[in-house]
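A.B. asks: Quick one: the structure is below, and I'll ask about it shortly.
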Amino acid sequence: MRQPELPAGIAAHTGGRPYRENGTGKSGARVLMYEDLVLKIQPSSPRNDREEVMLRWLEGRVPAPRIVCAEDADGLHYCLMTRVPGRMACDIAFLDRPELLIRRLAEALQLLWSVDLAGCPVRRTVDVELAEARQRVAAGVVDVEDAEPGTFGPGGFGDPEALLDWLESNRPDSAEGDVVLSHGDFCLPNILLTENGLGGFIDLGDAGVGSRWRDITLCHRSLRHNTDGTYGIIRPQVKADALLDCLGLRIDRDELRWYLLLDELF
Ligand SMILES: Nc1ncnc2c1ncn2[C@@H]1O[C@H](COP(=O)(O)OP(=O)(O)O)[C@@H](O)[C@H]1O
Ligand SMILES: [Mg+2]
């Protein structure tokens, strides 16, 4: 793909430098990788603003990109940030070392949970997410085709509104209190690991104060999908449930199910 035309403030940093386009993400954003910088281009939205507020707040708290320059132009948002070291947690080099991978992911979660929430500028609690889900359902923007098979249709929910009603009347135990710093999209491609430990977190548009089980659930699903052939790789030796053991938590299928279903509305 050809180099997009960039706003002047961004081009001042990247102009003429070589880059590689990264096709990993599923959000539809364009991600250009420079030697030590990354440019993410996506439609302007309040989510981008939240991400930038969070990235600024996260500085010095957990490893994450630092924003070098951010601009909106013609309905697009351009975020130029530092490049986080390491490889994605779904890299074969980690999938082939299940114990190490799961220990690193558990440590990454525990690092987030150790952060003092005082002054955290974004809330993504169950109440906030249900309210946003309600708006999305009303606006008809939930993509039922993108859901896990069986979520909607025979044996599943009739439509997104029915799912939302069920979520609202079956709030999980974790919805009441017990909040932590939550990544919001804790899947393997958004966690970069080095040989020595955590490289950093990326893709933090949904980060904020939230439930512990929100991240556990997405990490558990991502461990399954990155090893069961969903993305073309099969590694049965990676056991998603081992994440809970490593965290010293009981496997609570009700919590896992509730947050998985909530994610189907986003
Ligand atoms: N700041 C960064 N440092 C290193 N790699 C990055 C950075 N931002 C994005 N990437 C790479 O690009 C991929 C897609 O970017 P991401 O922000 O996760 O997009 P999406 O929202 O589409 O998932 C990531 O999985 C990672 O491999
Ligand atoms: Mg991503």
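A.B. asks: Suppose each label sits 7 Å from its Cα in the direction of the beta carbon; what would the ASP173-ASP36 distance come out to in nanometres?
C.D. replies: Distance between the two pseudo-spin positions: 4.9 nm.
A.B. asks: For the range 13-36 and the range 168-214, what is the centre-to-centre distance using only Cα atoms, to the nearest Å?
C.D. replies: 24 Å
A.B. asks: Shifting gears a bit: What does the charge dipole of the range 35-157 about its Cα centre add up to, to the nearest 20 debye, if the Cβ of each Lys and Arg holds +1 and the Cβ of each Asp and Glu holds -1?
C.D. replies: Values: 15 positive and 21 negative charges, 78 e Å.
Here the size comes out at about 380 debye.
A.B. asks: Would you work out which of MET54, VAL68, LEU80 lies farthest towards the positive end of the dipole of the range 33-80? Charges go on Cβ: Lys and Arg +1, Asp and Glu -1.
C.D. replies: Going by the Cα projections, it comes out as MET54.
A.B. asks: What is the order of PHE186, PHE266, fewest Cβ neighbours within 10 Å to most?
C.D. replies: Going from least to most buried by this count: PHE266, PHE186.
A.B. asks: Once amide H atoms are built 1.01 Å from N in the peptide plane, which residues 5 or more positions from ALA64, or in another chain, come under 5 Å H to H?
C.D. replies: Close amide H contacts, sequence-distant or interchain: PHE201.
A.B. asks: A further question on this structure: Hey, got the dipole for the range 163-266? About the Cα centre, +1 on K and R Cβ, -1 on D and E Cβ, debye to the nearest 20?
C.D. replies: The calculated dipole for the range 163-266 is roughly 360 debye.
A.B. asks: Can you report the principal axis dimensions of the range 126-194 using only the alpha carbons, biggest first, rounded to whole angstrom?
C.D. replies: Here the Cα extents, ordered largest to smallest, are 43, 28, 24 Å.
A.B. asks: Just from its helices, what would the mean residue ellipticity at 222 nm be for the chain, if runs of 4 or more DSSP H residues each count -39500 (n - 2.57) and the sum is divided by every residue, rounded to the nearest 500 deg cm²/dmol?
C.D. replies: On the way: 9 runs with 95 residues, N = 266.
Estimated from H runs of four or more residues: -10500 deg cm²/dmol.
A.B. asks: Can you tell me the equivalent ellipsoid semi-axes for the range 8-82? Use √(5λ) from the Cα gyration tensor, largest first, whole Å.
C.D. replies: For the range 8-82, the ellipsoid semi-axes come out as 18, 15, 13 Å.
A.B. asks: Using Cα atoms only, what is the angle between the long axis of helix 212-225 and the major principal axis of the chain, expressed in degrees (0 to 90) to the nearest 10?
C.D. replies: 80 degrees
A.B. asks: Could you give the length gained by full extension between ASP91 and ASN22, i.e. 0.36 nm per residue of separation minus their alpha carbon distance, to one decimal place?
C.D. replies: Details: separation 69, 0.36 × 69 = 24.84 nm, distance 1.42 nm.
Contour length minus Cα-Cα distance gives 23.4 nm.
A.B. asks: Counting Lys and Arg as +1 and Asp and Glu as -1, each charge on the Cβ, what is the dipole of the chain about the Cα centre in debye, to the nearest 20?
C.D. replies: 800 debye
A.B. asks: Here's another thing I want to ask about it. Return the whole-Å distance between the Cα centroid of the range 117-140 and the Cα centroid of the range 72-86.
C.D. replies: 24 Å
A.B. asks: If you build a Gaussian network model of the chain, linking Cα atoms that sit under 10 Å apart, which residue out of TRP213, TRP166, TRP113 swings the most?
C.D. replies: Result: TRP166 has the largest fluctuation of those listed.
A.B. asks: Compute the long axis of helix 253-263 from its Cα atoms, compare it with the longest principal axis of the Cα atoms of the chain, and write down the angle in degrees, 0 to 90, nearest 10.
C.D. replies: 50 degrees
A.B. asks: Given a Förster radius of 22 Å and the C-beta distance between ALA12 and ASP74 as r, what FRET efficiency does 1/(1 + (r/R0)^6) yield to the nearest 0.05?
C.D. replies: Numbers: r = 18 Å, r/R0 = 0.82.
The pair ALA12/ASP74 has a calculated efficiency of 0.75.
A.B. asks: If you don't mind, there's one more thing I want to ask. What do the square roots of 5 times the Cα gyration tensor eigenvalues come to for the range 194-265, in whole Å, largest first, as semi-axes of the equivalent ellipsoid? Numbers along the way, then the final one.
C.D. replies: Working: eigenvalues 74, 60, 44 Å².
Working through the eigenvalues yields semi-axes of 19, 17, 15 Å.
A.B. asks: Related question: Compute the long axis of helix 126-139 from its Cα atoms, compare it with the longest principal axis of the Cα atoms of the chain, and write down the angle in degrees, 0 to 90, nearest 10.
C.D. replies: Compared with the principal axis, the helix lies near 80 degrees.
A.B. asks: Please give the FRET efficiency for ASP252 paired with ARG136, using the beta carbon to beta carbon distance and R0 = 35 Å, rounded to the nearest 0.05. Before the final figure, lay out each step's value.
C.D. replies: Numbers: r = 26 Å, r/R0 = 0.74.
It comes to 0.85.
A.B. asks: Continuing with the same structure: Using a Debye calculation, one point per C-alpha and no hydration shell, please list log10 I(q)/I(0) for the chain at q = 0.08, 0.17 Å⁻¹ in order.
C.D. replies: The calculated log intensity ratios at q = 0.08, 0.17 Å⁻¹ are -0.33, -1.52.
A.B. asks: Here's a follow-up. What is the spread of the Cα atoms of the range 70-130 along each of their three principal axes, largest first, in whole Å?
C.D. replies: Principal extents (Cα only, largest first): 44, 30, 23 Å.
Every number here is computed from the coordinates shown, using simple stated rules; none is lab data. Quick caveat: nothing in here was measured; it's all calculated off a predicted structure. Every residue, glycine as well, gets a Cβ built from its backbone with ideal geometry; the counts of neighbours run over all protein chains shown.
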